[in-house]
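The structure appears below as structure tokens.
The values are calculated or read from the model by the stated rules, or taken from the named source; none is laboratory data. Keep in mind that what you see is a predicted model, and the values were worked out from it rather than measured. Glycine gets a Cβ as well: all are built from the backbone with ideal geometry, and neighbour counts include every protein chain shown. In case anyone asks, the SASA skips ligands and DNA or RNA and just uses the protein heavy atoms, side chains included. Shrake-Rupley method; radii C 1.70, N 1.55, O 1.52, S 1.80 Å.
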Amino acid sequence: MKQAIRAYLDTGEKHISWDAVSLPGLHKSGREIILDVSFAEVGSGEERFFSGILRDVTERRRTEEALRKTQAELAHVARIATLGEMSASIVHEVNQPLAAVVNSAGAALRWLDAQNLEKARRSVSRAVAEGHRASEIIGRIRALAKKAPPQKDWLDVNETIHEVIALARGEIQRNGVALETRLSDDVPTILADRIQLQQVLLNLMMNAIEAMNGVEKNARELLVRSAADESKHVLIAVEDSGPGFDPHSLDHLFDAFYTTKPQGLGMGLAISRSLIEAHSGRLWATANAPRGAVFQFMLPVNSEEMAYGAGR
């Protein structure tokens, strides 16, 4: 309170407000409660006095915290489900560098028998590089599968997109999809949870790949693009050349348990939207031209807006 009054005296601000101030032992029962505190200068002339309002928002905050925990649990379940759907591609993606390690190591032994140290050194270098590649793939899978609270940090959007593409490469190749990226060099770093952003991107890409299963293989095109706009937002879009969606279903695409997939749970897009909104962003869908769908989301780069989103 003293700090707020001091701020009032220094700035002349007529209204001071705190949201959810924790005041232990204030309740008559002795328990800690959370208050919304607001006071303002009232009166006129030279007299200066204040009128204030205290609101107990303890239960509201507990409800909000329970909701956040539930959303985090659902997001984790959705990630595990997505990884389960990708299991065959993940095995293939990990086996490729491991097979390359074995082949390069065998070549190195043959070159050593032939006393050709230079070629043996090259083979060993290839084995080391492929070993690192396998480790990176496993690391991405473990990060997505890990159950951890949201943690926002400064991250490179384009780098995050490349990480998701690397994880989904097996599915892209297995389904005969032609992938194109248009990533702007002007995209700034943003404050976001890397795993949650990866989850949203992976879900949108997997949906696009699955949607294109009904079209000819030579017509399956997936475009991932990023850009920064003048309103201080980063835009990320996933476009496909699938059959698109019924315009009448547009209002329900992001509803929980709404799905057009025979085996779908209808939670992927609903969770993705909640994750983006938790970052003070927006996720929406439009029709692609001449066919297909475009799912895109915007995230703020404005420092004040990001700081607000990080503390929600």
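Okay, here's what the table says:
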| item | result |
| --- | --- |
| Cβ-Cβ under 7 Å pairs, at least 6 apart or on other chains, segment 185-208 side over 14 Å from Ile161 (Cβ atoms), far side open to solvent by 10 Å² or more (accessible area, probe 1.4 Å) and among the polar types (S, T, N, Q) | Asp193/Gln151; Met206/Thr82 |
| Of all residues in segment 226-243 being open to solvent by less than 20 Å² (accessible area, probe 1.4 Å), more than 12 Å from Gly292 (Cβ to Cβ) and of a type outside the set (Gly, Ala, Ser), the one that is farthest from the chain's Cα centre (by Cα) | Val234 |
| The listed residue being modelled with pLDDT under 65 and charged (D, E, K, R), out of Lys261, Lys232 | Lys261 |
| Test: residue in segment 146-154 that is modelled with pLDDT under 90, assigned to a helix (DSSP H, G or I), farther than 30 Å from Asp229 by Cβ and among the aliphatic types (A, V, I, L, M) | no |
| Number of positions in segment 126-141 that are farther than 9 Å from Ser104 by Cβ and either open to solvent by less than 40 Å² (accessible area, probe 1.4 Å) or in contact with a helix residue (DSSP H, G or I) (Cβ under 7 Å, 6 or more places away or on another chain) (or both) | 8 |
| Pair list, Cβ < 9 Å and 6+ apart or interchain, from segment 98-125 residues that are more than 30 Å from Ile138 (Cα to Cα) and open to solvent by less than 40 Å² (accessible area, probe 1.4 Å) to residues that are hydroxyl-bearing (Ser, Thr, Tyr) and outside any helix (DSSP H, G or I) | none |
| Residue ranges of strands (runs of 3 or more DSSP E) in segment 172-254 with at least 1 members over 24 Å from Ala270 (Cβ atoms) | 178-183, 221-228 |
| Residue among Leu269, Leu299, Leu223 that alone is under 25 Å from Asn158 (Cβ atoms), at pLDDT 85 or above and open to solvent by 10 Å² or more (accessible area, probe 1.4 Å) | Leu223 |
| Residue match in segment 127-136 (condition: closer than 17 Å to Val94 by Cβ and modelled with pLDDT of 90 or more) | yes |
| Close pairs (7 angstrom Cβ cut-off, 6 or more residues apart or separate chains): within 16 Å of Arg169 (Cα to Cα) in segment 210-230, of a type in the set (Lys, Arg) and surrounded by 13 or more Cβ atoms within 10 Å (Cβ to Cβ) anywhere | Met212/Arg220 |
